[in-house]
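Heads up: the structure comes next, in structure tokens.
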Amino acid sequence: MTTLVLTVIGDDRAGLVKALADVVSAHDGNWERSHLAELAGKFAGIVEVSVPPARAAELQEALRRLSGLLDVEVQTGTAGPTGTDEARSAGREVLVEVLGNDHPGIVHAVSAALAEHGLSVTELETSTREAPMVGGRLFEARALVAVPDGFDLAELRATLEQIASEVLVDLTLSAHAPS
């Protein structure tokens, strides 16, 4: 099977997932994994599909015909454990959660600390919401981070606590049980 990674974006409306799934299915593709969301009136996401090698080019051409409904970029992925998947299987994942008043620089500070320690973010979800009791907006983030065996979590925790005090957020680090 050929693995394709699709990035999609379009004006949010009913039926976008169906339109994409119809094209994948019509070309004997299998929808493997995805992260899709509505953001600021746009529907955007990333989808991993597998398709028989003989149908891959045909699927890619059919995806281009969705233009106007969805803009789809296609990259060839790799099947099986590589990169981050290897780190996941060779180590573990930890959960980093952030909560605080929204302001620029929070994601930058946390991601810089993780990169400094050579750690890879495997998933990241962020959002903002009204903070009715105190006014303003709250920023929330949830990141799964691949940590190799033998990595010193105490050192990471100390780094994250320092960042939390600098950017004025609550930051927690905990073990993550795979789903």
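The values are calculated or read from the model by the stated rules, or taken from the named source; none is laboratory data. Since we're looking at a predicted model, the values are computed, not measured. Neighbour counts are summed over all protein chains in view; Cβ atoms, including those assigned to glycine, are modelled from backbone coordinates with ideal geometry.
Brief remarks follow.
- Test: Glu61 is assigned to a strand (DSSP E or B) and either assigned by TED's automatic domain parsing to the domain that holds Glu125 or at pLDDT 95 or above (or both): no
- Ala56 meets the conditions (1) out of contact with any helix residue (DSSP H, G or I) (no Cβ under 8 Å at 6 or more places or on another chain); (2) surrounded by 14 or more Cβ atoms within 10 Å (Cβ to Cβ); (3) part of a strand (DSSP E or B) in every case but one. The failed one is (3).
- Filtering the range 33-59 to residues that are hydrophobic (A, V, I, L, M, F, W, C) and closer than 21 Å to Met1 by Cβ leaves Ile46, Val47, Val49, Val51, Ala54, Ala56, Ala57, Leu59.
- Which numbered condition Lys18 fails, given (1) closer than 19 Å to Thr76 by Cβ; (2) not in a loop (DSSP other than H, G, I, E, B); (3) not β-branched (Val, Ile, Thr): (1)
Residue-by-condition table, conditions (1) closer than 13 Å to Val167 by Cα; (2) assigned to a strand (DSSP E or B):
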position: Val98; (1), (2): yes, yes
position: Gly118; (1), (2): no, no
position: Arg129; (1), (2): no, yes
position: Pro132; (1), (2): no, no
position: Arg142; (1), (2): no, yes
position: Ala146; (1), (2): no, yes
